[in-house]
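Worksheet: the structure to be examined is printed underneath.
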Amino acid sequence: MVTVEELREMDCSVLKRLMNRDENGGGALGVLSGGKCLLLDCRPFLAHSAGYIRGSVNVRCNTIVRRRAKGSVSLEQILPAEEEVRARLRSGLYSAVIVYDERSPRAESLREDSTVSLVVQALRRNAERTDICLLKGGYERFSSEYPEFCAKTKALAAIPPAVPPSAAEALDLGCSSCGTPLHDQGGPVEILPFLYLGSAYHAARRDMLDALGITALLNVSSDCPNHFEGHYQYKCIPVEDNHKADISSWFMEADLGNIVRELNTASAC
């Protein structure tokens, strides 16, 4: 468990003053102890996209990352697209890093396997001279007290909770498997920073796809149409949706690893 001795705590009012100072004096987010401050959002990607504290950087620490890391994540894993931030952390150019989750009130309430705890451990190993603070009450408290210092993404904020469509709606979507079972609630699962695993329901939600920055879809079904062919790139593998289907043979033929690499390279250009 991350204890108070290991992780300092910061009141929302203190962060608000730092951000006020930043707005008045210009430059990067906040000044603390005579140096620049980094604000890390340790919530899931979808939560960050729906609303976040201005200037914060979202860390990547989903289930796949944790499993591969075996309990010890690296800066490259939690900040894969933030090369400059990683370099500044290792060089000791941040005097303080403020981490926050959804609502943790105190450092002593954090679980050892929580995202905040794993991120703090990674920071301890790579930024030994940097003070690390937990924002008390997290995003929930800060956004309720100082909404003017938060940003919300309309695309995600406007997405209502996933509701299983009726039989008629499923027919309108053009496939028999677009019904949304209980295990399929919510958004797609982020496997890698550029790769998501979703369902037929998610593939039919252009608002959700755009909010996640999706540019291409791999349609692994025999009856679900490519709903937005003029907007996304599609690759189709007509696999039957039943327990007898030999999915592995299709994956070998499609060379999925090469497809993913090509799409990732193209999106980076």
task = Select from region 193-223 the residues that are free of Cβ contacts under 8 Å to residues at least 40 places away in the same chain and of a type in the set (Ser, Thr, Tyr) and write down the one among them that is surrounded by the most Cβ atoms within 10 Å (Cβ to Cβ).
result = Tyr201
query = Quick one: which strands (runs of 3 or more DSSP E) sit completely within region 29-136 and have at least 1 residues that are over 30 Å from Met208 (Cα atoms)?
reply = 35-41, 94-100, 131-135
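Against the definition (surrounded by fewer than 19 Cβ atoms within 10 Å (Cβ to Cβ), over 23 Å from Glu128 (Cα atoms) and modelled with pLDDT under 90), how does Arg54 come out, yes or no?
no
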message = It is to be established whether one or more residues within region 224-247 are at pLDDT 90 or above, surrounded by 14 or more Cβ atoms within 10 Å (Cβ to Cβ), basic (Lys, Arg) and out of contact with any Asp or Glu (no Cβ under 6 Å at 6 or more places or on another chain).
response = no
task = Could you give me the residue pairs with C-beta distances under 8 Å whose first residue belongs to region 49-76 and is at positive phi, whose second residue is buried (at least 16 other Cβ atoms within 10 Å of the Cβ) and in a loop (DSSP other than H, G, I, E, B) wherever it lies, and which are 6+ apart or on separate chains?
result = Gly55/Leu29; Gly55/Gly30
note = Apart from one, (1) modelled with pLDDT of 90 or more; (2) within 17 Å of the chain's Cα centre (by Cα); (3) closer than 24 Å to Glu145 by Cβ all hold for Val97; the odd one out is (2)
query = Among (1) over 25 Å from Glu82 (Cβ atoms); (2) buried (at least 16 other Cβ atoms within 10 Å of the Cβ); (3) among the acidic types (Asp, Glu), where does Glu190 come up short?
reply = (1)
request  = Go through region 113-127 and count every residue that is under 17 Å from Glu9 (Cα atoms) and out of contact with any Phe, Trp or Tyr (no Cβ under 9 Å at 6 or more places or on another chain).
outcome  = 9
query = farther than 21 Å from Leu195 by Cβ, assigned by TED's automatic domain parsing to the domain that holds Leu123 and of a type in the set (D, E, K, R), is that true of Arg66?
reply = no
ask   = Failed condition for Arg90, given (1) under 16 Å from Leu39 (Cα atoms); (2) surrounded by fewer than 17 Cβ atoms within 10 Å (Cβ to Cβ); (3) within 19 Å of the chain's Cα centre (by Cα), with all others met?
value = (3)
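The values are calculated or read from the model by the stated rules, or taken from the named source; none is laboratory data. Since this is a predicted model, take the numbers as computed values, not measurements. Neighbour counts are summed over all protein chains in view; Cβ atoms, including those assigned to glycine, are modelled from backbone coordinates with ideal geometry.
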